[in-house]
Amino acid sequence: MVTCKRSPLSVNPFHVCLCKMADMSAMNRKVIKSLAETISKQVEHFSKTEAECLILEFNTLVREPTNSDRGVQGLDRAKFRNILLNTFGMTDDLIMDRVFRTFDKDNDGFVSIKEWIEGLAVFLRGTLDERIKYCFHVYDSNGDGYISREEMFRMLKSSLIRQPTEEDPDEGIKDLVEMTLKKMDNDHDGRLSFEDFEKAVKEENLLLEAFGTCLPDTTSIAMFEHHVFQECLQP
């Protein structure tokens, strides 16, 4: 039996092959191909072959042990946070939790294979419109269709580095919230609707991640795609 213990981006191709072979014990090649074909028809941005590689990677990640394993149904919060931290360099606990909840569309506490591929389609290759919807969903923590002052404050307080010379950093964050609202709150109701957010981001793309980094940078994307797609397809 092959036992695979590895970090996502630091293994040689031979070890990758052995790990992928081990994963076949849970889901045989025929089933994977069929599932990949179905998902690739439902999810944009990934080919059937790429979907197959993402399924293999999912199986490997699900089987990496954590203290929270209780009958595996998918990627739980702990495993998903490890991916965001170790593969995509995210460190903000609040944002990582919101990204997990955005991937976990059925709110069952696990990211399933389909949720994994659907989420990655936008996370890695989404259009501007898709990324606007994704970021808004991440920032709208209570799901009421608005980003409120309180939500902005919590996210900015979590993501900004506190300076040791600041006596009351909360006041600076409150000022930043008001400045952001002045720039983005088109209808002046003291909160951001999706329409407000979309309009502001399309006028100035840098506002897409105004309340915290919730998308990977180009280097992380390239490394992840090389690891998953190139190494998976090696003979």
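Roughly what percent of Cα-Cα pairs across the stretch 190-235 reach past 16 Å?
Working: 594 of 1035 pairs.
Counting pairs separated by more than 16 Å, the tail of P(r) holds 57 percent.
In sequence order, the stretch 35-48 has phi-based couplings of 5, 4, 5, 5, 5, 5, 7, 9, 10, 7, 5, 10, 6, 4 Hz under the Karplus curve 6.51 cos²θ - 1.76 cosθ + 1.60, θ = phi - 60°, and Gly or Pro positions carry x. Between the amide H of F110 and any residue lying 5 or more places away or on another chain, no distance stays under 5 Å, with hydrogens modeled in the peptide plane.
Taking 0.36 nm per residue of sequence separation and subtracting the Cα-Cα distance, how much length would be gained by fully extending the chain between H226 and D93, in nm to one decimal?
Numbers: separation 133, 0.36 × 133 = 47.88 nm, distance 2.66 nm.
Result: 45.2 nm gained on full extension.
For the stretch 115-121, backbone phi angles converted through the Karplus equation (6.51, -1.76, 1.60; θ = phi - 60°) give residue-by-residue couplings of 4, 4, 6, 4, x, 5, 4 Hz, Gly and Pro being listed as x.
Fully extended, how many nm does the chain gain between N107 and S47 (0.36 nm per residue separation, minus their Cα-Cα distance)?
Details: separation 60, 0.36 × 60 = 21.60 nm, distance 2.68 nm.
Taking N107 through S47 to full extension adds about 18.9 nm, to one decimal.
Only protein atoms count toward the accessible area here, which uses a 1.4 Å probe; on the stretch 181-226, the carbon and sulfur part of that area reaches 50 percent.
The values are calculated or read from the model by the stated rules, or taken from the named source; none is laboratory data. Worth saying up front: this structure is predicted, and the values here are computed from it rather than measured. The area values use the complete protein model at the heavy-atom level, side chains included, leaving out ligands, DNA and RNA. Shrake-Rupley method; radii C 1.70, N 1.55, O 1.52, S 1.80 Å.
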